[in-house]
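Right, one structure below, let's go through it.
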Amino acid sequence: MSLLSDFINLDLSDTTEKIIAEYIWIGGSGLDMRSKARTLNEDISDPEKLPKWSYDGSSTGQAPGEDSEVILCPQAVFRDPFRRGKNILVMCDAYTSSGEPIPSNTRYNAAKIFSHPDVVAEEPWYGIEQEYTLLKKEVKWPFGWPSGGYPGPQGPYYCGVGADKAYGREIVDAHYKACLYAGINISGINAEVMPAQWEFQVGPVVGISAGDEVWVARYILERITEIAGAVLTFDPKPVQGDWNGAGAHTNYSTKSMRSEGGYEVIKEAIEKLGSKHKEHIVAYGEGNERRLTGRHETADINSFSWAVANRGVSVRVGRETEKASKGYFEDRRPASNMDPYIVTSMIAETTILCQQ
């Protein structure tokens, strides 16, 4: 294994100008991530200068066998924390050979919303709190839990310290540093309420970049759990019973909300979100009804509510925002398996482009 590690960690910069680019895309389920690597003759950091590529869409549930070629278009570039050096990770979206976005390409529509002049003028900022759960590889049971059994009740695990409270910290810290290396705006991590459940935060990030960075952060986490022999799940309720679910709380502000008098703009935006509650819930993640029960720091999925400092509502406004009369709010409804392209663009469309 030592010799294998030596080869994996080879520094190519002294021997070749070539670099390795890992092209990443979203598979047919809308949540599975796929990737493959290619050699480039030079160091390229501009996604528009990177070559397009193709893959077999019939093997990912995204194209029929008789017309299986799907085209990858590079959209964002990050440093590769696995190969390091000048090697890169490339976030792509997918198109048919005729140039049409495939049905699972949610980035395409999000980019149209974020390029609207009214949205551009408002500079929408996002901070996404991505929760996830670590599972044992062999039995798909939470990491550190007794096999077929349960740990003690919730209480000591949130931001907990100690071998009997924090399960999988080495994975979490490895992911944290790898994201910083990659150039992702990861702003923090913490252990969550259910043991073996963790959270990382991405943001503040503007517009479409929020979706790109969350997807690449998820990819890096998937790779790290692969190395660690753990299984990563974004299921919004991985364990039934008196255990917290997993969400992707989405913090949001616009230029008007961050300016003097922004609190009134925030309240107007929340009212718009409330008027389209059902449409948002449908798009906020599969299986979210198992999580949004009105218990375990959630609001009931069938009703919309908001309040200051209350974590049992659909939308929470922070005390500091209320005090400053400007700032941001938190949409607590998105599930951990939500598509960040859909959620971020939908919030912008509803709050900026839609009229009451």
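The values are calculated or read from the model by the stated rules, or taken from the named source; none is laboratory data. Fair warning: this is a prediction, and the values are worked out from it, not measured in the lab. Quick reminder, even Gly has a Cβ in these numbers, built from the backbone with ideal geometry, and neighbours come from all protein chains shown. All accessible areas refer to the heavy atoms of the entire protein, side chains included, with ligands and DNA or RNA removed. Shrake-Rupley method; radii C 1.70, N 1.55, O 1.52, S 1.80 Å.
Let's test the formula: R0 of 25 Å, r as the Cβ-Cβ distance of Glu226 and Ser187. What FRET efficiency results, to the nearest 0.05?
Numbers: r = 25 Å, r/R0 = 0.98.
Calculated value: 0.55.
Expected output is a single nm value to one decimal: the length gained when fully extending between Asn310 and Lys177, i.e. 0.36 nm times separation in residues minus the C-alpha distance. What is it? Walk me through the numbers on the way to the answer.
Numbers: separation 133, 0.36 × 133 = 47.88 nm, distance 3.17 nm.
Difference between extended and current length: 44.7 nm.
Once the convex hull of the alpha carbons of the stretch 158-305 is built, what does its volume come to per residue, in cubic angstrom? Numbers along the way, then the final one.
On the way: hull volume 20.3 nm³, N = 148.
Hull volume normalised by residue count: 137 Å³.
How do 333-340, 23-30, 49-56, 250-257 rank on mean C-beta neighbours within 10 Å, highest first? It would help to have the intermediate numbers written out before the result.
Details: 333-340: 25.9, 23-30: 20.2, 49-56: 14.8, 250-257: 22.1.
Peptide ranking by packing, descending: 333-340, 250-257, 23-30, 49-56.
Mind listing which GluC sites (Glu not before Pro) in the stretch 220-292 are in a DSSP loop and have 10 or fewer other Cβ atoms within 10 Å?
Details: sites: Glu222, Glu226, Glu260, Glu264, Glu268, Glu271, Glu279, Glu286, Glu289; in loops: Glu260, Glu286.
Hits after loop and neighbour filter: Glu260.
Suppose R0 equals 56 Å. What FRET efficiency, 1/(1 + (r/R0)^6) with r the Cβ-Cβ distance, do Glu271 and Thr15 give to the nearest 0.05? Kindly include the intermediate steps, with their values, before the conclusion.
On the way: r = 61 Å, r/R0 = 1.09.
Using R0 = 56 Å, I get an efficiency of 0.40.
Find the relative contact order for the stretch 134-213 and round it to a whole percent, using C-alpha pairs within less than 8 Å whose residues are 6+ positions apart. Provide the component values of the computation, followed by the final result.
On the way: 98 pairs, mean separation 22.3, N = 80.
Worked out over the stretch 134-213, it gives 28 percent.
Express the accessible area of the chain per residue in Å², computed with a 1.4 Å probe while the remaining protein chains stay in the model. Could the numbers behind the result be given before it?
Working: 16570 Å² over 356 residues.
Heavy-atom accessible area per residue stands at 47 Å².
If you stretched the chain out fully between Ser147 and Ser2, how much longer would it get, using 0.36 nm times the residue separation minus the C-alpha to C-alpha distance?
Numbers: separation 145, 0.36 × 145 = 52.20 nm, distance 3.19 nm.
Taking 0.36 nm per residue and subtracting the Cα distance, the gain is 49.0 nm.
Of Gly99, Gly168, Gly127, which is the most mobile in a GNM of the chain whose springs link Cα atoms less than 10 angstrom apart?
The residue that fluctuates most here is Gly99.
Suppose only helical runs count, i.e. DSSP H with n ≥ 4. What mean residue ellipticity at 222 nm does that imply for the chain under -39500 (n - 2.57) per run, divided by all residues and rounded to the nearest 500 deg cm²/dmol?
Numbers: 10 runs with 97 residues, N = 356.
Using -39500 (n - 2.57) per qualifying helix, the result is -8000 deg cm²/dmol.
The stretch 102-134 to the stretch 168-212: how many Å between their Cα centroids?
18
Top mean-square fluctuation among Gln62, Gln197, Gln240, Gaussian network model of the chain, C-alpha springs under 10 Å?
Top of the fluctuation ranking is Gln240.
If each of Ser115 and Glu170 carries a label point 7 Å out from its Cα toward its Cβ, how far apart are those two points in nm?
Distance between the two pseudo-spin positions: 4.6 nm.
Got a number for carbon plus sulfur as a percent of the chain's accessible area, 1.4 Å probe? Present the calculation step by step, with values, prior to reporting the outcome.
Working: 8300 of 16570 Å².
Ligands and nucleic acids excluded, carbon and sulfur reach 50 percent.
Could you please state, rounded to a whole Å, how far the C-alpha centre of the stretch 270-339 is from the C-alpha centre of the stretch 141-163?
Rounded to whole Å, the Cα centres lie 27 Å apart.
Excluding same-chain residues fewer than 8 positions from Lys267, which aspartates and glutamates have a Cα within less than 14 Å of its Cα?
Glu322, Glu330, Asp331
Figure the gain on full extension for Glu100 and Ser35 (residue separation times 0.36 nm, minus the Cα-Cα span) and round it to one decimal in nm. List each step's numbers first, then the result.
On the way: separation 65, 0.36 × 65 = 23.40 nm, distance 2.09 nm.
Residue separation times 0.36 nm, minus the Cα-Cα distance, leaves 21.3 nm.
Asp300's amide H: which non-local residues (gap 5+, or another chain) put their own amide H closer than 5 Å, with H modeled 1.01 Å from N in plane and none for Pro or chain starts?
So Asp300 has HN proximity to Gly294.
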